[in-house]
Every structure is written in C-alpha cells, then in structure tokens.
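Below is one structure, written out as structure tokens; the observations come after it.
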Ligand SMILES: [Zn+2]
C-alpha cells in the first residue's frame, strides 16, 4: 500500500448571499473550477473538458434546462497509455478537503473508489478526483436539508475491473473493500464504475438494516446502451440515490411535482428520467415543500443517520 498526496482540491457549498432558496456547490483546484449555482431551479453548471488550450482545460458553462446534448460528446474517450494501473492498492489522501461544518450536522465519512476505466474518461487522477469531489459536494446539497453530510479523506484507485452486472460488481466490492473501509475509518464506501453494467441498472446501494454490512454502493459513471447519458446531472442523481438507499430512503416515498415545462421527481425515483419533459432532482422528499405526509424520505434519513455514522470503526 502506498500513500500519495492528492492535489489541492477545495469544495464549498452553501447559498447565494441574500437568497435562502438558492444552492451553490463549487470545487476548486489549480486552474480548474467546477460546480453549480441554482437560484431559480434552472441551475448554471460549470464543468471542464479534457480538451486544453495553452495547457489549461476548457470549461463549459450551461444551464440545466438547456441540456440537450450528451456530455460524453464533449469528452474524448482516449486511453492514457502512460497511466500506471499496477498501483491497485494506492490511496490518495484528500488532505485539504475544506468543508464548513455546522453544529448539529451528522457527517458520514465515505471511502471513494474508482476504476481505471472511469479515470480514462478524464485522462488524469487529478481530473477524475476533482469530478468525484464535486459530485459529493452536490449530493451534500440534498443531504443539507436533513442535517447530514458526506465527508471524505481517501480515494481508492482500482485498476481494470471485470465486466459484470451491478449485482456481480457490488458482490466483488463488498468482498474486497471492507479492510480498506476499516483502515480509512469510513462509514460508507462507494465505487464509481467506468463501465456499463451488464444489466439494466445504473447503481446499486444496500438498504440500511442496522448492519455495517449494508453500507456499500456501486454507481455506473458512463453512458448505458439505453437512455442514460451519464451527464454530470445524471451521475449526481445516481450517486445521491444510492447514498439515499444507504440511509434508508425509499422509492415509494419519492415525490413528483409539475413546474412547466417539466415534471420533476425527487431523487429516490426508481428511474433516472432526464429528458425534455421530465427531470429528477438531487433532493430528498421532505414531507413539506418537496413532499407530503406520505412522501417524506427526510424522516427516514434523519431517523437512521446517527446509526450509519456510528459504523465508523475507531482506529
Ligand atoms: Zn434504487
């Protein structure tokens, strides 16, 4: 096992000053800035591409409702032949993951894992880890409302992983990862998988049942042969959804509402719907603004979050 320093990446999330309904999530490192600013439910996204000008990555800025392209069209799927994939057991420390914690927030330490296929989408460890960091930050926007937050200290880099169904991959992951989860003092762990699962599933997360054996999830981070384009928004939905399963959120408590031109779903919708008329948002139903008496995943998250946070093994 080798410990390597991660690049200096900082994440921030919060609100636009003076606008209590707004949401902002930013991830910043040398020469790169990605994130989201949402003041009217039609978020601005800032993302980067692998393409460079003058040695700096080109950034894209777009609004949520204008997404009609498949983001993968913007990314070159070149294989970085020089990458070192032998270092299967390497960790990189996330030494400077700045999070602004508030009293009363329950935090879960999550061990973030990815395979070389997902790294190859971006071409470098720096870029893929920044992308993952930003997705965690967006998932935290959904958890904020329920006083919960994901934090992380380590990445585990896998080399090339086998093809398989989501069940086969999570079975592999649950077999392989426990020693790493324990040594990194993590409550949860997730695998960002860079291949198309062999079944019609985009992610799989164990539903909380009081056992630390349940705190795993796997996420498909590349387009499927179906309608999943693996855009930034869609990937954040898959991540937030599977974390929701880990925290006991349920399908039948997801909420739907209409705000033309879209029909929206909260994140525990059993399907990732993301097209010109339907959108899933990375939010949990809350029994109130985004829900009603029978659509309240927030209550399940709030009821089980302390138990999940207690999974952590003291070293
Ligand atoms: Zn699900």
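The values are calculated or read from the model by the stated rules, or taken from the named source; none is laboratory data. If you're wondering where the values come from, they're calculated on a predicted model, not measured in any experiment. A quick note on method: Cβ atoms are made from the backbone with ideal geometry, for glycine too, and the neighbour counts reach across all protein chains shown.
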Within segment 232-246, identify whether any single residue is in contact with a helix residue (DSSP H, G or I) (Cβ under 7 Å, 6 or more places away or on another chain), in a loop (DSSP other than H, G, I, E, B), under 25 Å from residue 187 (Cα atoms) and not assigned by the TED database to the domain that holds residue 46, and answer yes or no. no
Flag if residue 208 is in contact with a helix residue (DSSP H, G or I) (Cβ under 7 Å, 6 or more places away or on another chain), more than 12 Å from the ligand (Cβ to nearest atom) and more than 27 Å from residue 117 (Cα to Cα): yes
Residue match in segment 295-303 (condition: under 22 Å from residue 35 (Cα atoms), under 18 Å from the mean Cα position of the chain (by Cα) and within 16 Å of the ligand (Cβ to nearest atom)): no
Would you say residue 217 is under 18 Å from residue 148 (Cβ atoms) and outside any loop (DSSP other than H, G, I, E, B)? yes
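Answer with yes or no whether residue 228 is within 12 Å of the ligand (Cβ to nearest atom) and at pLDDT below 95. Working first, answer last.
On the way: within 12 Å of the ligand (Cβ to nearest atom): no; at pLDDT below 95: yes.
Answer is no for this residue.
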Here are the criteria: (1) in a helix (DSSP H, G or I); (2) within 16 Å of the chain's Cα centre (by Cα); (3) away from the ligand (no atom under 14 Å from the Cβ). Tell me which single one residue 223 does not satisfy. (1)
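Given the condition assigned to a helix (DSSP H, G or I) and either on the phi > 0 side of the Ramachandran plot or modelled with pLDDT under 95 (or both), answer yes or no: does some residue in segment 185-199 qualify?
So the first thing to find is which residues in segment 185-199 are assigned to a helix (DSSP H, G or I), and the list is none.
The answer is no; no qualifying residue exists.
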Of the conditions (1) away from the ligand (no atom under 14 Å from the Cβ); (2) crowded, with 17+ Cβ neighbours inside 10 Å; (3) under 30 Å from residue 26 (Cβ atoms), the single one that residue 247 does not satisfy is (1)
Residues of segment 250-266 being within 15 Å of the ligand (Cβ to nearest atom) and assigned to a strand (DSSP E or B), in sequence order, are 265
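Taking the condition on the phi > 0 side of the Ramachandran plot, surrounded by fewer than 18 Cβ atoms within 10 Å (Cβ to Cβ) and either modelled with pLDDT of 95 or more or not in a strand (DSSP E or B) (or both), does residue 210 pass?
Details: on the phi > 0 side of the Ramachandran plot: yes; surrounded by fewer than 18 Cβ atoms within 10 Å (Cβ to Cβ): yes; either modelled with pLDDT of 95 or more or not in a strand (DSSP E or B) (or both): yes.
Considered against the rule, which asks whether it is on the phi > 0 side of the Ramachandran plot, surrounded by fewer than 18 Cβ atoms within 10 Å (Cβ to Cβ) and either modelled with pLDDT of 95 or more or not in a strand (DSSP E or B) (or both), residue 210 comes out as yes.
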Could you list all residues from segment 222-251 that are under 19 Å from residue 122 (Cβ atoms) and in contact (Cβ under 8 Å) with a residue 60 or more places away in the chain? 222, 223, 229, 230, 231, 232, 233, 235, 236, 239
Testing residue 139 on (1) touching a helix residue (DSSP H, G or I) at 6+ places or on another chain (Cβ under 9 Å); (2) surrounded by fewer than 17 Cβ atoms within 10 Å (Cβ to Cβ); (3) in a helix (DSSP H, G or I), one condition comes back false. Which one is that? (2)
Residues to consider are 276, 285, 269; find the one that is out of contact with any helix residue (DSSP H, G or I) (no Cβ under 7 Å at 6 or more places or on another chain), assigned to a loop (DSSP other than H, G, I, E, B) and away from the ligand (no atom under 11 Å from the Cβ). 276
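Within segment 157-169, track down each residue that is surrounded by fewer than 23 Cβ atoms within 10 Å (Cβ to Cβ) and in contact with a strand residue (DSSP E or B) (Cβ under 6 Å, 6 or more places away or on another chain). Write out each step before concluding.
Restricting attention to segment 157-169, the residues satisfying the condition of being surrounded by fewer than 23 Cβ atoms within 10 Å (Cβ to Cβ) are 159-168.
Within segment 157-169, 166 is the sole residue that qualifies.
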